[in-house]
Amino acid sequence: MRSGNPALKDSTFLDLGTGSVVRGGDQVMTLNGTVNKTGVLLLLTVITASFAWSQVQITELGAIGAGPYVWGGAIGGLILALVTTFKKTWAPVTAPLYALVEGFFLGAISSIFEAKFPGIVIQAVMLTFGTLFALLFAYRSGLIKATENFKLGVAAATGGIFLIYLATMVLGLFNINIPYIHESGLIGIGFSLFVVVVAAMNLVLDFDFIETGVEQGAPKYMEWYGAFGLMVTLVWLYIEFLRLLSKLQSRN
């Protein structure tokens, strides 16, 4: 069970002491339960995103009021994601908190992108959920299979992208920019397309991972954890669609 999503990895369903599969007895993880909890997390994200959107004012001087929501949401979301990943039993509490905090970040970022590129947010939202449902259909119908080689390839590509973004952040502290890939040229657009594809393929791994948890009778709290893992991928995919669309519109 290999996943590029760091929240959904090989050991998620294993007891760290014995290495055996953790089972939940009568209260086990179900597919419907995971879907319902994913819907709850999406709703919570939309609520706080809408609030943050309404609080950001775009002027000639920049986005007034965006900073606390962007940085607070990003840092708070990262902390809650790490806590949830290492303390899976806390997922019924930390997963909703993650959705609420991440909503502040997404709302502020979306407002900034929308001010610069009108209409980009609805396009990114439609592409994100269109990709989600298209890949879900392809996975359920057997058109895409999460083989071991597929999982290994997606995990490796995801790790490579993470290292590039990490290098970008570190070099940015010294005012050094990685050329081309973050610009609106053909190389930059090609890089964003590649990242979008990798992010989308992580959805397939998430579907497979959640299905495995259901088949193995994982504990009930893993429904929240599975929904959280899927949310992590959806947030990443949405941000990458925003970046790709902004690059494309910058060339017009």
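The values are calculated or read from the model by the stated rules, or taken from the named source; none is laboratory data. Please read these numbers as outputs of a predicted model, since none were measured by experiment. As a convention, Cβ positions derive from the backbone with ideal geometry for all residues, glycine included, and neighbour counts pool all protein chains shown. When the accessible area is computed, the model is the full protein with side chains, heavy atoms only, and any ligands, DNA or RNA have been set aside. Shrake-Rupley method; radii C 1.70, N 1.55, O 1.52, S 1.80 Å.
Of all residues in region 165-190, those being open to solvent by less than 60 Å² (accessible area, probe 1.4 Å) and either of a type in the set (Val, Ile, Thr) or touching a Lys or Arg at 6+ places or on another chain (Cβ under 9 Å) (or both) number 7. Of all residues in region 204-222, those that are within 30 Å of residue 181 (Cα to Cα) and surrounded by fewer than 24 Cβ atoms within 10 Å (Cβ to Cβ) total 2. The set of residues in region 151-209 that are within 30 Å of residue 138 (Cα to Cα) and polar (S, T, N, Q) comprises 158, 192, 202. In region 96-115, the count of residues that are of a type in the set (D, E, K, R), part of a helix (DSSP H, G or I) and over 15 Å from the mean Cα position of the chain (by Cα) is one or more. For region 134-190, what are the residues that are under 27 Å from residue 31 (Cα atoms) and touching a helix residue (DSSP H, G or I) at 6+ places or on another chain (Cβ under 7 Å)? Within region 134-190, 135, 136, 139, 144, 146, 151, 154, 158 qualify. Residues that are of a type in the set (Asp, Glu) and either in contact with a strand residue (DSSP E or B) (Cβ under 9 Å, 6 or more places away or on another chain) or open to solvent by less than 40 Å² (accessible area, probe 1.4 Å) (or both) do not occur anywhere in region 148-157. Applying the criterion of being free of Cβ contacts under 8 Å to residues at least 40 places away in the same chain and in a loop (DSSP other than H, G, I, E, B) to the residues of region 121-144, the residue that is most open to solvent (accessible area, probe 1.4 Å) is 143.
Reported count of residues in region 75-95, each being among the aliphatic types (A, V, I, L, M) and either over 15 Å from the mean Cα position of the chain (by Cα) or open to solvent by less than 40 Å² (accessible area, probe 1.4 Å) (or both), is 6. For the criterion of being modelled with pLDDT of 95 or more, in a helix (DSSP H, G or I) and buried (at least 17 other Cβ atoms within 10 Å of the Cβ), residue 234 passes. Annotation: residue 225 fulfils all but one of (1) surrounded by fewer than 24 Cβ atoms within 10 Å (Cβ to Cβ); (2) closer than 16 Å to residue 88 by Cα; (3) among the hydroxyl-bearing types (Ser, Thr, Tyr); the unmet one is (1). When region 152-184 is limited to residues that are assigned to a loop (DSSP other than H, G, I, E, B) and in contact (Cβ under 8 Å) with a residue 12 or more places away in the chain, the one that is farthest from residue 235 (Cα to Cα) turns out to be 178. Across region 29-65, the qualifying residues are those that are in contact with a strand residue (DSSP E or B) (Cβ under 7 Å, 6 or more places away or on another chain) and modelled with pLDDT under 90, and the one among them that is surrounded by the fewest Cβ atoms within 10 Å (Cβ to Cβ) is 64.
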